[in-house]
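Colleague: I have a structure I would like to understand better, so I am pasting it below and will then ask my questions one at a time.
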Amino acid sequence: MLKVIVLLFISTFTFAFSSEKTDGFSGNFDLGLNYTQNIDNILQFNNVFLANYKHKKSAVSLNNNISFISQTGKEEMLNKGVQDFKYSFNTNELGADFTFQHLYDISRSIKRRWTTGIGISYAVITSDIEKARFGISALREIETSLEENQEINTRMSGSINFTIKLLDNLELISKNHYQPNIEKIGDFRCKANLTLRIRINSNFLFSLNNTFNYDSFPKLEIPEIDYQLINSLSYTF
């Protein structure tokens, strides 16, 4: 209980992009507090570092997200994390990207998962008030469970992302992914993220986030559905 009380008083941070820049470096360093309902009620303390470099139509991003997990009725702290590398080439409407990701998640019985992907996207709306982009990618996964069982899967990933500027300092952001296994009928994942973001000033953001995950074939004794609720304050540069 003491751990919970201490964490609740920590300022919370999450993914947030700094104001758009034509070229150069940008990013954020965040600390955060997440709540997840899965097998147990789980409280997560996060450390996130995101760095972007943009030059003309090319962009490179590095992301490191580590979580320390406190589960109901358990004294031992677990951990999970994800590290991403992404290269993208974008015009005003069309985009292409290459991604490489390492993930581990004890709460979902994933010891490690390596994923590589290549995809394209198309921006259907690019106004200052509204933005919408559709994308499709091919993914290759190598996943090892806590029991040391290994799976190799090939997936397609379809995405629909949009941003609506409600006020000068208020944005609504939605990111949605559908990832079917092309080698196994009925095996698919869905992920939906909805964020309400309030800009306090040029460097600080406050966000209300909700993330929903569905896996049609989770690990044994892991539920198909889980979600996260995140209140966040982020510093960007």
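Colleague: What pairs come out if I take residues in the range 144-163 that are within 22 Å of Lys219 (Cβ to Cβ) and touching a residue at least 40 places away in the same chain (Cβ under 8 Å) and pair them with residues that are assigned to a strand (DSSP E or B) and small (Gly, Ala, Ser) whose C-beta lies under 6 Å away, six or more apart or interchain?
Modeller: Ser157/Ser137
Colleague: Any idea which of Arg140, Arg189, Arg197 is in contact with a His (Cβ under 9 Å, 6 or more places away or on another chain) and touching a residue at least 24 places away in the same chain (Cβ under 8 Å)?
Modeller: Criteria check complete, one pass: Arg189.
Colleague: Of all residues in the range 83-136, count the ones that are among the hydroxyl-bearing types (Ser, Thr, Tyr), within 16 Å of the chain's Cα centre (by Cα) and over 23 Å from Lys219 (Cα atoms).
Modeller: 1
Colleague: Let me ask another. Within the range 107-148, which residues are of a type in the set (Asp, Glu) and either under 16 Å from Lys175 (Cα atoms) or surrounded by fewer than 16 Cβ atoms within 10 Å (Cβ to Cβ) (or both)?
Modeller: Across the range 107-148, the qualifying residues are Asp128, Glu130, Glu147, Glu148.
Colleague: Next question, about the same structure. Give the residues of the range 50-79 that are among the polar types (S, T, N, Q), in a strand (DSSP E or B) and farther than 30 Å from Asn92 by Cα, sorted by residue number.
Modeller: Ser67, Ser70, Gln71, Asn79
Colleague: Give me the residue from the range 66-82 that is closer than 24 Å to Ile142 by Cβ and among the polar types (S, T, N, Q) and, out of that set, farthest from the chain's Cα centre (by Cα).
Modeller: That would be Asn79.
Colleague: Please state which one of Thr211, Thr144 is assigned to a strand (DSSP E or B) and more than 19 Å from the chain's Cα centre (by Cα).
Modeller: Going through Thr211, Thr144 in turn, the sole match is Thr144.
Colleague: Can you tell me which residues in the range 218-237 are at pLDDT below 90 and assigned to a loop (DSSP other than H, G, I, E, B)?
Modeller: If the condition is that a residue be at pLDDT below 90 and assigned to a loop (DSSP other than H, G, I, E, B), then Pro218, Lys219, Leu220, Glu221, Ile222, Pro223, Phe237 are the ones that fit.
The values are calculated or read from the model by the stated rules, or taken from the named source; none is laboratory data. Keep in mind that what you see is a predicted model, and the values were worked out from it rather than measured. Every residue, glycine among them, receives a Cβ derived from its backbone with ideal geometry; neighbour counts consider all protein chains shown.
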